[in-house]
Amino acid sequence: MESIDTLVTARWVLPVEPDARVLDDHSVAVRDGRIVDVLPAVEARARYDAAETLDRPHHVLLPGLVNAHTHAAMVLLRGRAENLPLEPWLRTAVWPLEKRWVDPEYVRDGTELAIAEMIRGGVTCFADMHLWPNVVAQTAAAAHIRASVGLVVTEAETSWASTADEYIDRGMRLRDEYKGDPLICTHFAPHSTYSTSDATLARVRRLADELDLPVTIHLHETAGEIERSLERHGCRPLARLAQLGLASPQLVAVHMTQVDARDLDMLAAAGASVVHCPESNLKLGSGICPVAQLLGRGVRVALGTDGAASNNDLDLLAEARIAGLLSAGVGASPGALVASDLVRMATIEGARTLGIGEVTGSLLPGKWADLCCIDLRAPRSWPVHDVATAVVYAASSHQVTDTWVAGRRLLAEGRLRTIDESDVLERAAAWSLRLDATAAVEAAANG
């Protein structure tokens, strides 16, 4: 028999690639952090001698979920900026709080809380956009979760950098530090076209082309963003990026709730990707991304939660469900986006969007063993007639029992293994008290 580290057997396995098939009573064999084999359970028991064998008789085993866009540390602002559209939400609530409070300690504590939530929800990889990305990378590495860390770029002076060039230079040093790391990769993350100059965007494009890095940017998030771009630049934001050479396969357009026929043509021709964040877009009243139309034009679409300050959670299964319901309801076409499409958007399409689809996002031999296991034997998701439908439309993130990254089990039967959850929650509570005290002082001062 062949020795391996772990053999996980489940009632159903959703490999995602090469197609949407469901494998009944199959096993995934893992050695040295990578998938060795996916095969029927009977054959697996006869072929492999595993150091650890796990049986999950009522579960579905699938690739770990990929949260393709979030602002992890913003969990510390969960519920602090409510009932506002995007622009006043940013300018009057979020940015003033961040200017006052964001430092390495804040980012570490917030990111670790976010990682705990995501691991519990089956997320094995997240793409982040936040100040102090070095702290994000350190925190993710310590928790052993996969992360694509955004090299934030803006013109605004913050605690992380004073100028756009300093943002880029510090980002380049961080990229070099983690080059070749098995868990941490990087991408450029200019905040938006309205907060970044042409000269800065042009420098980002040159470096992204040279280093072959994705460029993630908030784009076409609101109607107001489109109107301001037309007034100031005479074109829509996507067209401005195209003029600067940024409409390419490296472009990751986050949100895209305001899309016309020319935008569809441009995205499709460029080979760009879109990240759909439906809950945040709905909560901020920003609009709805036309996912079915994008997919119909061959545009890759992944799923993201955005930050918990505008969501208010980091539950990617919930995002998949809302994305499906929105597509069916708005388009009056329930078959345009089916459950297996949504599973792909939450796994392999997210990995491909971040440029790591060759190593994660599906259960193929040779890929890293990034897995999650969901117990479907619960009143809300039983019986199971269609596995993908049960995962997307019935199951809850609370039914995730186990999560692995590179073969290491981070969540074991509902218990976190790499994070001291009690300590993380206590530190988050301390931040809440600080924020509350500041709010009370300001309210008193304003009379």
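If you go through the stretch 346-383 and keep only what is under 19 Å from the mean Cα position of the chain (by Cα) and free of Cβ contacts under 8 Å to residues at least 12 places away in the same chain, you end up with G357, E358, V359. Under the condition of being buried (at least 24 other Cβ atoms within 10 Å of the Cβ) and in contact with a Leu (Cβ under 7 Å, 6 or more places away or on another chain), the residues counted in the stretch 318-342 number 4.
Just for the stretch 372-409: of the residues that are basic (K, R) and more than 20 Å from T124 (Cβ to Cβ), which one is surrounded by the most Cβ atoms within 10 Å (Cβ to Cβ)?
Our first condition is that a residue be basic (K, R); within the stretch 372-409, this holds for 377, 380, 408-409.
Subsequent filtering for residues that are more than 20 Å from T124 (Cβ to Cβ) retains 377, 380.
Numbers: R377: 13, R380: 11.
The selected residue is R377.
Is it the case that A223 is at pLDDT 95 or above and either assigned by TED's automatic domain parsing to the domain that holds G407 or loosely packed, with under 14 Cβ neighbours inside 10 Å (or both)? Yes, satisfied. Scanning the stretch 384-442 for residues that are among the acidic types (D, E) and free of Cβ contacts under 8 Å to residues at least 60 places away in the same chain returns D386, E413, D420, D423, E426, D436, E442. Restricting D109, D169 to those that are assigned to a helix (DSSP H, G or I), surrounded by fewer than 16 Cβ atoms within 10 Å (Cβ to Cβ) and at pLDDT 95 or above reduces the list to D169.
Listed here are the residues, each with its yes/no results for (1) assigned by TED's automatic domain parsing to the domain that holds D128; (2) surrounded by 20 or more Cβ atoms within 10 Å (Cβ to Cβ); (3) assigned to a strand (DSSP E or B).
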| site | (1), (2), (3) |
| --- | --- |
| E17 | no, no, no |
| A44 | no, yes, no |
| A73 | yes, yes, no |
| T92 | yes, no, no |
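The set of residues from the stretch 22-42 being out of contact with any His (no Cβ under 9 Å at 6 or more places or on another chain) and either at pLDDT below 95 or part of a helix (DSSP H, G or I) (or both) comprises just one member, V42.
Checking the condition surrounded by 13 or more Cβ atoms within 10 Å (Cβ to Cβ) and of a type in the set (G, A, S), which residue from S162, S195 passes?
On the way: S162 fails: surrounded by 13 or more Cβ atoms within 10 Å (Cβ to Cβ).
One residue alone meets the criteria, S195.
Take the residues in the stretch 46-71 that are of a type in the set (S, T, Y) and within 25 Å of A395 (Cβ to Cβ), then tell me which one is surrounded by the fewest Cβ atoms within 10 Å (Cβ to Cβ).
Checking each candidate, the answer is T53.
The residues on offer are A394, A351, A388, A378, and the sole one that is more than 27 Å from V274 (Cα to Cα) and out of contact with any Phe, Trp or Tyr (no Cβ under 6 Å at 6 or more places or on another chain) is A378.
Matching residues to (1) touching a Lys or Arg at 6+ places or on another chain (Cβ under 8 Å); (2) outside any loop (DSSP other than H, G, I, E, B):
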position	(1), (2)
G355	no, no
V359	yes, no
S362	no, no
G366	yes, no
I374	no, yes
R377	no, no
R380	no, no
P383	no, no
T389	no, yes
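At least 1 residues being in contact (Cβ under 8 Å) with a residue 24 or more places away in the chain, more than 26 Å from F188 (Cβ to Cβ) and aromatic (F, W, Y) is the threshold, and among the helices (runs of 4 or more DSSP H) wholly inside the stretch 243-329 not one reaches it.
Here is a check on your reading of the model: is V204 in contact (Cβ under 8 Å) with a residue 60 or more places away in the chain and either surrounded by 23 or more Cβ atoms within 10 Å (Cβ to Cβ) or part of a strand (DSSP E or B) (or both)? Before the answer, list the steps.
Values: in contact (Cβ under 8 Å) with a residue 60 or more places away in the chain: no; either surrounded by 23 or more Cβ atoms within 10 Å (Cβ to Cβ) or part of a strand (DSSP E or B) (or both): yes.
The answer is no for V204.
The values are calculated or read from the model by the stated rules, or taken from the named source; none is laboratory data. Note that the coordinates shown come from a computational prediction; the quantities given were computed from them, not determined experimentally. Note that we place each Cβ from the backbone using ideal geometry, even for glycine, and neighbour counts take in every protein chain shown.
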